[in-house]
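Heads up: the structure comes next, in structure tokens.
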Amino acid sequence: MVATNSIVGHRGSRDSRDEMDDLPDEDVAKDFYAKYEPKEVLGRGVSSTVRRCIEKETGREFAAKIIDVSADLEDSQGLTLREASLREINILRLVAGHPYIIELHDVFESSTYVFLVFELCKNGELFDYLTSVVALSEKKTKAIMKQLFEGLHYIHSYNVVHRDLKPENILLDNNLNIKISDFGFAKNISPKERLYDLCGTPGYLAPELLRASMYENSDGYGKEVDLWACGVIMYTLLVGFPPFWHRKQMIMLRNIMEGKYEFCSPEWDDITDQPKDLIRKLLVIDPNERITASEALRHHFFQTVRARVGEFNARKTFQLAIMAVRAMIRITRLKLTPEPLSIEILRTNPYRIKTLRKAIDGCAFRVYHHWVKRGEVQNRAALFENRPKVEVKYLYQQSIVNITTT
Ligand code: ADP
Ligand code: MG
């Protein structure tokens, strides 16, 4: 999977460069430096850099997003970088206090820089987590999506549209709980207000948002765009690739507008109907027909079946008792249980298996009548290698060649 950049304004690619020389001028940012000690870079945008930092007084770690607002740039809504940063701060304060939304700890402003100090998410982006595991199980996806819908329901209850939901902007804390972050494109709208500007990240853009940017007579868009993005995220989490990706971006955008995606084989073969059904209800072209965050939370994908309390089932109780006793016996015998044998290791490197090693060493002793010297354990293993050494094979072939040519 490839990280994708947001399309508008000052957001951009990030890397893990760690130079300290591009830190803002000491004079300008002295209040920030008096309180925090900046450390390595965690992420980077075109005009912002996120660094781990330590609060000097408490020793607590935070993440500081340092935004360079000196450039005279305007985003698609005609906001300068400074105005856009102030809007981000206002929205972060508005939606503060939810377990799945990033917490803004401190703010510093100067004429050239804005410093946003956030709680630190030690486990980084959901994007990186997904890349490391390739795809998530239904159970893990369920846990993450539930938190995402809960956070989104809260954001939407304040009439805030996020507009840039994607795995890069969903962070993971120490317990792998999510934190919705990067409110750089978020907007506080009145209940009936419609938006028309093009912002977000290509693969996650909703069809009505694309229409709004293309056609004069469009109805604009609203909070529903975030649920479309949730559909794209959920699809991606389950299989490790997005539903609308295409090498040519124009074709991808056309597929989005036509809602053209599929649960392809073999990746989707083993995935049950419940998550597929929820994705179908999220990736609906008509925003009025699309499921809301609170409806998504009531979807049967999230309803866990609980055993009815108080109903006695003699057979089940007996089975459970047997399983409990077996488990206890296994735990007490754990030390004595031999490590499981892998046929592959058995075939290629039998000496790695403890029990076989003992048998091999025993045979060696019987053959040589003495142990191969201590510190030459590798050599002992070499005695039992079942593949000829390359150089020996090479020498052998060479000697054959020499014999035949002489
Ligand atoms: P941008 O608007 O430039 O995309 P973000 O707010 O998304 O800025 O931050 C950029 C990157 O910095 C994130 O994708 C993430 O990798 C890292 N980052 C941001 N905030 C935090 C945080 N609180 N904890 C850890 N990493 C963070
Ligand atoms: Mg971001």
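This table checks each residue for (1) over 17 Å from residue 149 (Cα atoms); (2) assigned to a loop (DSSP other than H, G, I, E, B); (3) modelled with pLDDT under 95; (4) of a type in the set (Gly, Ala, Ser).
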residue: 236; (1), (2), (3), (4): no, no, no, no
residue: 247; (1), (2), (3), (4): yes, yes, yes, no
residue: 270; (1), (2), (3), (4): yes, yes, yes, no
residue: 277; (1), (2), (3), (4): no, no, no, no
residue: 281; (1), (2), (3), (4): no, no, no, no
residue: 289; (1), (2), (3), (4): yes, yes, no, no
residue: 306; (1), (2), (3), (4): yes, yes, yes, no
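In the stretch 51-67, which residues are in contact (Cβ under 8 Å) with a residue 40 or more places away in the chain and either within 19 Å of residue 172 (Cα to Cα) or open to solvent by 50 Å² or more (accessible area, probe 1.4 Å) (or both)? Within the stretch 51-67, 52, 53, 61, 62, 63, 64, 65 meet the criteria. Evaluated against (1) part of a loop (DSSP other than H, G, I, E, B); (2) within 12 Å of ligand 1 (Cβ to nearest atom), residue 63 falls short on exactly one condition, (1).
In the stretch 175-187, the residues that are closer than 16 Å to residue 122 by Cα reach residues that are more than 11 Å from ligand 1 (Cβ to nearest atom) and of a type in the set (Lys, Arg) with C-beta atoms within less than 9 angstrom, at least six apart or across chains, in these pairs: 176/140. Would you say residue 12 is touching a His at 6+ places or on another chain (Cβ under 7 Å), on the phi < 0 side of the Ramachandran plot and at pLDDT below 90? For residue 12, the condition - touching a His at 6+ places or on another chain (Cβ under 7 Å), on the phi < 0 side of the Ramachandran plot and at pLDDT below 90 - is not met.
Of the residues making up the stretch 225-238, one or more are farther than 19 Å from residue 290 by Cα, surrounded by 14 or more Cβ atoms within 10 Å (Cβ to Cβ) and within 16 Å of the chain's Cα centre (by Cα).
Of the conditions (1) touching a Phe, Trp or Tyr at 6+ places or on another chain (Cβ under 9 Å); (2) within 25 Å of residue 156 (Cα to Cα), residue 93 clears all except one; give me its number. The single condition residue 93 does not satisfy is (1). Output yes when any residue across the stretch 176-192 is over 29 Å from residue 217 (Cβ atoms) and away from ligand 2 (no atom under 16 Å from the Cβ), and no when none is. Yes, that holds for at least one residue. The residues of the stretch 312-345 that are closer than 24 Å to residue 358 by Cα and surrounded by 10 or more Cβ atoms within 10 Å (Cβ to Cβ), listed by number, are 341, 342, 345. Restricting attention to the stretch 254-299, the residues that are touching a helix residue (DSSP H, G or I) at 6+ places or on another chain (Cβ under 6 Å) and farther than 17 Å from residue 239 by Cα total 11. Within the stretch 175-223, being assigned to a helix (DSSP H, G or I) and open to solvent by less than 60 Å² (accessible area, probe 1.4 Å) holds for 202, 203, 204, 207, 208, 209, 210, 212, 213. For the stretch 170-204, the set of residues classified as within 16 Å of ligand 1 (Cβ to nearest atom) and under 21 Å from residue 82 (Cα atoms) consists of 181, 182, 183, 184, 185, 186, 187, 199, 200, listed by residue number.
Spot the failing condition for residue 46; the list is (1) open to solvent by 60 Å² or more (accessible area, probe 1.4 Å); (2) within 30 Å of residue 241 (Cβ to Cβ); (3) away from ligand 2 (no atom under 16 Å from the Cβ); (4) among the β-branched types (Val, Ile, Thr), and only one is missed. Exception for residue 46: condition (3). The stretch 80-174 holds strands (runs of 3 or more DSSP E) entirely within its bounds, and those carrying 1 or more residues that are open to solvent by less than 20 Å² (accessible area, probe 1.4 Å) map to 113-119, 170-172.
The values are calculated or read from the model by the stated rules, or taken from the named source; none is laboratory data. All values reported here derive from a predicted model rather than from experimental measurement. Glycine also receives a Cβ, built like all others from the backbone with ideal geometry; neighbour counts cover every protein chain displayed. These accessible areas exclude ligands, DNA and RNA; they are computed on the full protein's heavy atoms, side chains included. Shrake-Rupley method; radii C 1.70, N 1.55, O 1.52, S 1.80 Å.
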